[in-house]
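Visitor: Dropping a structure here in structure tokens format, bear with me for questions.
The values are calculated or read from the model by the stated rules, or taken from the named source; none is laboratory data. No experiment lies behind these values; they were computed from the predicted model shown. Cβ atoms come from the backbone with ideal geometry, glycine included; neighbour counts cover every protein chain shown. Surface accessibility is based on the protein's heavy atoms, side chains included, excluding ligands, DNA and RNA. Shrake-Rupley method; radii C 1.70, N 1.55, O 1.52, S 1.80 Å.
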Amino acid sequence: GVQTCALPIFQGQDFDLYNTSTQFPVPNTTLSTNTLNITSTSNVNLTGSVVMTGDLTVNNYVTMDSKVRLLAKTTNIYFPAPTTANTVDSFSFSEFTGAKYTINITDDSNANNKAFTEISVIYGHGNAHMTEYGTIYSNTQFMTFSASANSSHVILSANSSQANATFRIFRTSFV
């Protein structure tokens with residue numbers, strides 16, 4: 001069952017919750033702490049308006065109304081040869097129909113060589129379809145993208161004329 005927890009919390013203190021199902025049914029209450037850590041083996045549900053000032057750090061996905069999932073990640077990719085496609089990201093097409101990517105790329109051998117692009121990918125009729133737009137390079141074009149599908153996933157791949165690149169990726173996936 002659901003456990004109700006009422007703890008004395010004082011301004012400026014850290015506060016940690018470790019429980020499988022914890023609920024704070026106190027309307028119009030302000031919780032002011034330096035750090036609020038919630039660790040749960042199941043879902044943590046917040047009902048009503050949640051107002052936050054400051055940063056929110058999420059180490060995995062953010063899901064909205066079970067229809068949209070957000071993912072942010074940084075990954076380094078080694079390109080052994082310019083003709084070798086490397087997987088940048090993938091998603092299950094049984095779970096999502098498409099995704100929109102915002103990608104920032106830095107050439108690891110030349111920090112002044114950067115790129116920024118947006119890519120939309122959709123799965124249909126057994127194939128992955130993509131369009132790339134809003135692409136900007138600070139120097140010369142050093143990256144190309146392609147999309148494909150295997151038996152379970154849509155795969156976004158990249159080819160580069162450089163050996164190593166760092167990708168900062170923001171993906172919005174749609175059901």
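Visitor: If packing is taken as the average number of other Cβ atoms within 10 Å across a peptide's residues, how do 88-99, 128-139 rank, most packed first?
Guide: Working: 88-99: 18.2, 128-139: 13.1.
Most protected by this proxy first, the peptides run 88-99, 128-139.
Visitor: For the stretch 113-175, with every protein chain kept in place, what is the accessible area per residue (1.4 Å probe, Å²)? Intermediate results must be reported in sequence, preceding the final value.
Guide: Details: 3130 Å² over 63 residues.
Solvent-accessible surface per residue comes out at 50 Å².
Visitor: Expected output is a single nm value to one decimal: the length gained when fully extending between THR131 and PHE116, i.e. 0.36 nm times separation in residues minus the C-alpha distance. What is it? Don't skip to the end; give the middle numbers.
Guide: Values: separation 15, 0.36 × 15 = 5.40 nm, distance 1.43 nm.
Residue separation times 0.36 nm, minus the Cα-Cα distance, leaves 4.0 nm.
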